[in-house]
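So the structure is just underneath, and the comments pick up after that.
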Amino acid sequence: ETVCVVGLGYIGLPSATVIAQSGSTVTGVDVNPAAVDAINQGRVPFVEEGLETAVAGVVAQGRLKAQTDVPHAQAYIVAVPTPFTEGHRADLSYIEAAARNIAPQLTGGELVILESTSPPGATERMAEVIFEERDDLTQQEGRPNTVHFAHCPERVLPGRIMVEMVENDRIIGGITPKGAELARDLYAQFCRAELLLTDARTAEMAKLTENAFRDVNIAFANELSLIADHLKIDVWELIELANHHPRVDILQPGPGVGGHCIAVDPWFIVSADQKNSKLISMARQVNDSKPERVIEKVIARAERLREPVVAALGIAFKANIDDLRESPSRNIVGDLAARLDTGRVLVVEPNIDELPGELAERENVELAELDGAVEQADIVLLLVDHDQFKTFDRDRLQEKIVIDTKGLWR
Ligand code: SAJ
């Protein structure tokens, strides 16, 4: 079988790779020629455990190749970004562009799968764009010019993608039952877990629901952290104790919620039904307000120092990755640096070689090594629970003001 994966990012590239490993011939398509070149040389443009070796393997075997044009294939998987716009609505323009590029290649009988996380109705919209381009094609089953559609959301955890891609249960939502069945046959090639069939809208909503569930639960932990601070209680101890209850399982507070999924997807539910999404919307606001609370805490301490040096430990959006997308800690560093009248922020981020542009531009921010930064610092601000920080010798923090947003050193 020939498969074409459109969008070779965090989800598209691992998907293309495991499908190629399972025996299909896969063409990966991306608008970025540099990413295409890298992949064709067996290199991966971002860090993900086990991915590069796997890509190099399937490229060398000739099972995966990357290009910028969409070829004909029996099955298409669309894995392009769905960012949100100002009004917290999903921007479907990348999906629509992918659909327009796929449309001319279709001859009838193909399957087009949307994997991108999308608001309810996006798969139907993708189909509509294809039929706008091609009025000779139809969704009517049994006709030679039928095209099938499904939504198969991805639920892999960054850092564990190569494992979870194969081991996680998958929801497969067809616009028609036949679409779902065809998609199931494709995913069954490489997915060892359960394949759960439903309709496209339910599948879209299920994916959003999973991430909203996590967001609401993290918001609960973050709200507790503010209350505990106010009451002078250690929130980590509090949660640990409460979690001894057999039916309580509170998540961990932190400097905010980042990444391109949990901080975004709940908004797609809110924008689909504003009136009924009070809790989901409030949880987003609680989590989004956390970085400001961290900054206030640091500034309150820094104000009492003449030339405060802050060592900010971590700017990735979570532990042990190099992904800076929607990272609360990165925003904290930027805003903090902008608001400090004097002094400096030393950023320690072992997973990157250079600061992102907006931080590099600031005169009072620099990238530093862990030991040196802590040595020079008045305030040590722990923002990400990277393994490298976990093992840091805490005796060396004794003279420092420590603000530990992850409870790593308690
Ligand atoms: N976080 C906390 N406290 C916690 C857990 C996480 O503050 O107890 C923060 C993290 O530091 C990070 C953010 O939440 O800033 C998100 O991290 P995460 O590890 O919870 O999730 P992601 O964004 O890496 O991946 C999520 C996963 N979804 C769920 O666990 C429901 C993953 O399975 C999805 O595939 C992914 O979103 C996605 O692509 O949608």
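Here are the numbers:
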| read-out | value |
| --- | --- |
| Matching residues, the stretch 104-119, being among the small types (Gly, Ala, Ser) and over 28 Å from the mean Cα position of the chain (by Cα) | GLY108, GLY109 |
| Test: residue in the stretch 369-386 that is within 16 Å of the ligand (Cβ to nearest atom) and of a type in the set (Val, Ile, Thr) | yes |
| Tabulated pairs, the stretch 24-44, first under 9 Å from LYS65 (Cα atoms), second surrounded by fewer than 21 Cβ atoms within 10 Å (Cβ to Cβ) and among the charged types (D, E, K, R), C-beta under 8 angstrom, 6+ apart or interchain | THR25/GLU1; THR25/ARG63; VAL26/ARG63; VAL26/LYS65; THR27/LYS65; GLY28/LYS65; VAL29/ASP69; ASN40/LYS65 |
| Selection count where residues are surrounded by fewer than 16 Cβ atoms within 10 Å (Cβ to Cβ) and within 23 Å of PHE317 (Cβ to Cβ), scope the stretch 363-387 | 3 |
| Filtered residues of the stretch 178-225 (kept if of a type in the set (D, E, K, R) and within 11 Å of the ligand (Cβ to nearest atom)) | LYS207, GLU210, ARG214, ASP215 |
| Test for ARG247: is it more than 15 Å from ASP288 (Cα to Cα), more than 8 Å from the ligand (Cβ to nearest atom) and in the same structural domain as ALA122 (by TED's automatic domain parsing) | no |
| Residue that is nearest to GLN105 (Cα to Cα) [pool: residues in the stretch 143-159 that are within 16 Å of the ligand (Cβ to nearest atom) and of a type outside the set (Val, Ile, Thr)] | HIS151 |
| Members of the stretch 250-293 that are within 12 Å of the ligand (Cβ to nearest atom) and more than 26 Å from ALA206 (Cα to Cα) | PRO255, LYS290, PRO291 |
| Selection count where residues are away from the ligand (no atom under 11 Å from the Cβ), in a loop (DSSP other than H, G, I, E, B) and either at positive phi or buried (at least 24 other Cβ atoms within 10 Å of the Cβ) (or both), scope the stretch 314-333 | 1 |
| One residue from LEU279, LEU305, LEU336 being at pLDDT 95 or above, touching a strand residue (DSSP E or B) at 6+ places or on another chain (Cβ under 9 Å), assigned to a helix (DSSP H, G or I) and not acidic (Asp, Glu) | LEU336 |
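The values are calculated or read from the model by the stated rules, or taken from the named source; none is laboratory data. Fair warning: this is a prediction, and the values are worked out from it, not measured in the lab. For neighbour counting, all protein chains shown are included, and Cβ atoms are generated from backbone atoms with ideal geometry for every residue, glycine included.
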